[in-house]
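Single-structure report; data block below.
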């Protein structure tokens, strides 16, 4: 009788939890799950278990949360599990070569881009921000380099003009989960062969931060509209009007010209703001202390606050 495959899963956020869920549904239950240590979250800053940990605990899978995999004790702990395969999805910790060498089938990673396009931390949002026509998931054999390993399996999806970072995330999570489930038996059978990445085509997806979410109105409207979509639901693009912060959840390119940041028009259809070229109509905003609202609701109650001629900064 063939011994069941000993899989160890390593991942942290919701994107990774979708993959773990797919493994469980396919009967590929890991012998253990690695995830990052619990972090403070929310206003109370209480320690919060990652989505992957919550799912693993619910299914009675042992969970390990080392702060690093660079020390010998953590490496020995992994080796003691005698894994055949390590499946890594948005884990967030560097895997040194000694760790990559532990499973005899190696380590595979589900990465949310069509490699070598968008290596790094934020491939989903950078693809939307850049106006890419498509994105996808690459299942690759891991190496010590950052997302540099041989590509085993690719699945793609178009990026629509309505896609946000959130909608593309959810679609790629489902595609990636299915791709990993498809790849594992092929890897075991030895029929999945890796394709080297073309280094000349590699691009880096820098980690998102709140500072770059501030809208620079000197940029073209098309670029700002993509950024609004890319940074929803986090970190959310923002600007300032009369000293008050405005979070921008939705916008569309429109006609208009004027000094960058100047309010050209305000109506129930949206708040039209001049950009470096063209104009952006803001259609969903959040004021301090409020919740995200369609601009028509804000216009009805705060029309004077958005009077044309004012400047957003």
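The values are calculated or read from the model by the stated rules, or taken from the named source; none is laboratory data. Worth saying up front: this structure is predicted, and the values here are computed from it rather than measured. Counting neighbours? That spans all protein chains shown, and the Cβs are built from the backbone with ideal geometry, glycine included.
Starting from residues that are closer than 12 Å to residue 91 by Cα and in a loop (DSSP other than H, G, I, E, B), keep the ones in segment 2-58 and report whichever is farthest from the chain's Cα centre (by Cα).
37
Going through segment 268-281 one residue at a time, which ones are surrounded by 14 or more Cβ atoms within 10 Å (Cβ to Cβ) and either over 33 Å from the mean Cα position of the chain (by Cα) or in a loop (DSSP other than H, G, I, E, B) (or both)?
If the condition is that a residue be surrounded by 14 or more Cβ atoms within 10 Å (Cβ to Cβ) and either over 33 Å from the mean Cα position of the chain (by Cα) or in a loop (DSSP other than H, G, I, E, B) (or both), then 269, 275, 276, 278 are the ones that fit.
Return the residues of segment 97-127 that are out of contact with any strand residue (DSSP E or B) (no Cβ under 8 Å at 6 or more places or on another chain) and either closer than 16 Å to residue 64 by Cβ or assigned to a helix (DSSP H, G or I) (or both); say none if nothing qualifies.
Those that are out of contact with any strand residue (DSSP E or B) (no Cβ under 8 Å at 6 or more places or on another chain) and either closer than 16 Å to residue 64 by Cβ or assigned to a helix (DSSP H, G or I) (or both): 97, 98.
Looking for something in the same structural domain as residue 94 (by TED's automatic domain parsing), in a loop (DSSP other than H, G, I, E, B), in contact (Cβ under 8 Å) with a residue 60 or more places away in the chain and over 30 Å from residue 5 (Cβ atoms) - is there at least one such residue anywhere in segment 216-223?
No, segment 216-223 contains no residue that is in the same structural domain as residue 94 (by TED's automatic domain parsing), in a loop (DSSP other than H, G, I, E, B), in contact (Cβ under 8 Å) with a residue 60 or more places away in the chain and over 30 Å from residue 5 (Cβ atoms).
Could you check segment 282-300 and list, in sequence order, the residues that are part of a helix (DSSP H, G or I) and either crowded, with 16+ Cβ neighbours inside 10 Å or not assigned by TED's automatic domain parsing to the domain that holds residue 226 (or both)? Working first, answer last.
Pass one, segment 282-300, residues part of a helix (DSSP H, G or I): 295-300.
295, 298, 299 - these are the residues of segment 282-300 that are part of a helix (DSSP H, G or I) and either crowded, with 16+ Cβ neighbours inside 10 Å or not assigned by TED's automatic domain parsing to the domain that holds residue 226 (or both).
Could you please let me know if residue 106 is surrounded by fewer than 22 Cβ atoms within 10 Å (Cβ to Cβ) and free of Cβ contacts under 8 Å to residues at least 12 places away in the same chain?
Working: surrounded by fewer than 22 Cβ atoms within 10 Å (Cβ to Cβ): yes; free of Cβ contacts under 8 Å to residues at least 12 places away in the same chain: no.
Answer is no for this residue.
So that you can scan it fast, the table gives a plain yes or no per residue for (1) surrounded by fewer than 20 Cβ atoms within 10 Å (Cβ to Cβ); (2) over 30 Å from residue 271 (Cβ atoms); (3) out of contact with any helix residue (DSSP H, G or I) (no Cβ under 8 Å at 6 or more places or on another chain); (4) at pLDDT below 95:
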{"residue": "157", "(1), (2), (3), (4)": "yes, yes, no, no"}
{"residue": "173", "(1), (2), (3), (4)": "no, yes, no, no"}
{"residue": "179", "(1), (2), (3), (4)": "no, yes, yes, no"}
{"residue": "195", "(1), (2), (3), (4)": "yes, yes, yes, no"}
{"residue": "198", "(1), (2), (3), (4)": "yes, yes, yes, no"}
{"residue": "226", "(1), (2), (3), (4)": "no, no, no, no"}
{"residue": "232", "(1), (2), (3), (4)": "no, no, no, no"}
{"residue": "237", "(1), (2), (3), (4)": "no, no, no, no"}
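Going residue by residue through segment 76-93, is there one that turns out to be under 23 Å from residue 50 (Cα atoms), modelled with pLDDT of 95 or more and in contact with a helix residue (DSSP H, G or I) (Cβ under 6 Å, 6 or more places away or on another chain)?
Yes - at least one qualifying residue is present in segment 76-93.
Just to be sure, is residue 165 under 17 Å from residue 19 (Cβ atoms), modelled with pLDDT of 95 or more and in contact with a helix residue (DSSP H, G or I) (Cβ under 8 Å, 6 or more places away or on another chain)? Even if it seems obvious, please write down each step before you answer.
Details: under 17 Å from residue 19 (Cβ atoms): no; modelled with pLDDT of 95 or more: yes; in contact with a helix residue (DSSP H, G or I) (Cβ under 8 Å, 6 or more places away or on another chain): yes.
No, not satisfied.
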